[in-house]
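Contents: one structure, followed by commentary.
The values are calculated or read from the model by the stated rules, or taken from the named source; none is laboratory data. Values in this document were obtained by computation on a predicted structure and should not be read as measured data. Note that we place each Cβ from the backbone using ideal geometry, even for glycine, and neighbour counts take in every protein chain shown. Ligands, DNA and RNA are stripped out before the accessible areas are found, and what is left, the full protein with its side chains, is counted by its heavy atoms. Shrake-Rupley method; radii C 1.70, N 1.55, O 1.52, S 1.80 Å.
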Amino acid sequence: MLQQTQVDRVIPRYVQFLERFPNIETLAAAPRADVVRAWRGLGYNARAVRLAEFGREVQERFVRIPQETEALRSLPGVGPYTAAAIRVFAFELDDVAMDTNLRRVTHRLKFGIEYPPLASARTIDETARALLPRGNAHDFNSALMDLGATICTARAPKCLVCPLRDACAAAPISASVLDARKRRMRVAPPARFRSTTRFARGRIVDRLRALPPGAGISLLDLQRALDADVDAALLERVPALLSDLEADGIVQRRGEAYALSE
DNA sequence: AAGGCGGGGAT
DNA sequence: ATCCCAGCCTT
């Protein structure tokens, strides 16, 4: 849930999710569509599909969630960050969970303002590892993430109250300078969000999620339901979007009707 | 290496 | 209005 989604918005969903799926056995036994339904409001619905698969594969291949990086990485939805996060926060092992916060904090601390980038991802990672205190990875990761989320923020960092100010290569950062450097790097202006396929996909899945379990909806009815929210140009592309969603394992076609994939 | 994938809070 | 978020997977 925390992959590209802010902590404050995850917490209530996470609590609800654990009520419905309190352990890996329950998750493994649950229909995929149940997991996708429980995911409402979180976005990036493919993560729900991967989590459902994660549950099944853990039970099938490992019984319990493994601790080794290689084994974790072999599971669906588990990349470099998530594998390290499980090791650090669930198992108290020494590792670096390099998320967007740690990346930004480390860059600023050791190399200066991150626009333009002054170090490769690999170098950033090695730099953070060199700072990791043995036996205190949980505190280390937690502290730097919180620092990044509250003080060393992406937009307007609060260097004046930062405990690392004196040791920081970037401090004090002026918000306007940060903005200017960032703008200088920008290439093409992004499209209006409501006219993106991304928006339409989200509306489609949300409509299917609202269906009674087991029920489906025809293409025509679906387009009718989306008419108020989605541009006409995008409405024509709903069939293609449904195919994409089907390929992603989110949607299932049943004859002329569409539903969440079981 | 680049592009796709959501939704909502913060500024 | 725009930015950004405890990334991952596919091409």
Scan the range A:19-32 and report the pairs whose first residue is farther than 17 Å from A:Val63 by Cβ and whose second residue is hydroxyl-bearing (Ser, Thr, Tyr), with Cβ atoms within less than 9 Å and a gap of 6+ or a chain change.
-> A:Arg20/A:Thr26; A:Arg32/A:Ser261
Just for the range A:23-46: of the residues that are open to solvent by 50 Å² or more (accessible area, probe 1.4 Å) and in a helix (DSSP H, G or I), which one is farthest from A:Leu245 (Cα to Cα)?
-> A:Glu25
Among the residues of the range A:66-84, which ones are polar (S, T, N, Q) and either surrounded by 15 or more Cβ atoms within 10 Å (Cβ to Cβ) or closer than 23 Å to A:Leu132 by Cα (or both)?
-> A:Gln67, A:Thr69, A:Thr82
Of the residues that make up the range A:154-163, is at least one open to solvent by less than 30 Å² (accessible area, probe 1.4 Å) and either touching a Gly at 6+ places or on another chain (Cβ under 6 Å) or among the charged types (D, E, K, R) (or both)?
-> no
Report yes if some residue within the range A:244-257 is exposed (fewer than 12 other Cβ atoms within 10 Å of the Cβ), over 21 Å from A:Arg37 (Cα atoms) and touching a helix residue (DSSP H, G or I) at 6+ places or on another chain (Cβ under 8 Å); otherwise report no.
-> yes
Could you figure out which of (1) farther than 21 Å from A:Thr82 by Cβ; (2) small (Gly, Ala, Ser); (3) open to solvent by 60 Å² or more (accessible area, probe 1.4 Å) isn't true of A:Ala121?
-> (1)
Residue pairs within 6 Å by beta carbon, gap of at least six or interchain, first lying in the range A:83-112 and under 24 Å from A:Ile65 (Cβ atoms), second of a type in the set (Asp, Glu), listed first then second, are A:Ala84/A:Asp95; A:Arg87/A:Asp95; A:Val88/A:Asp95; A:Met98/A:Asp125
Could you give me the residue pairs with C-beta distances under 6 Å whose first residue belongs to the range A:1-18 and is in the same structural domain as A:Gly43 (by TED's automatic domain parsing) and closer than 16 Å to A:Val35 by Cβ, whose second residue is within 8 Å of DNA strand B (Cβ to nearest atom) and modelled with pLDDT under 95 wherever it lies, and which are 6+ apart or on separate chains?
-> none
By residue number, the members of the range A:74-89 that are in a helix (DSSP H, G or I) and within 16 Å of the chain's Cα centre (by Cα) are A:Pro80, A:Tyr81, A:Thr82, A:Ala83, A:Ala84, A:Ala85, A:Ile86
Is it the case that A:Arg20 is away from DNA strand C (no atom under 16 Å from the Cβ) and loosely packed, with under 14 Cβ neighbours inside 10 Å?
-> yes
Picking from A:Arg209, A:Arg186, the residue that is among the charged types (D, E, K, R) and open to solvent by less than 30 Å² (accessible area, probe 1.4 Å) would be A:Arg209
Subset of the range A:89-116, residues surrounded by fewer than 19 Cβ atoms within 10 Å (Cβ to Cβ) and of a type in the set (A, V, I, L, M), comes to A:Ala90, A:Leu93
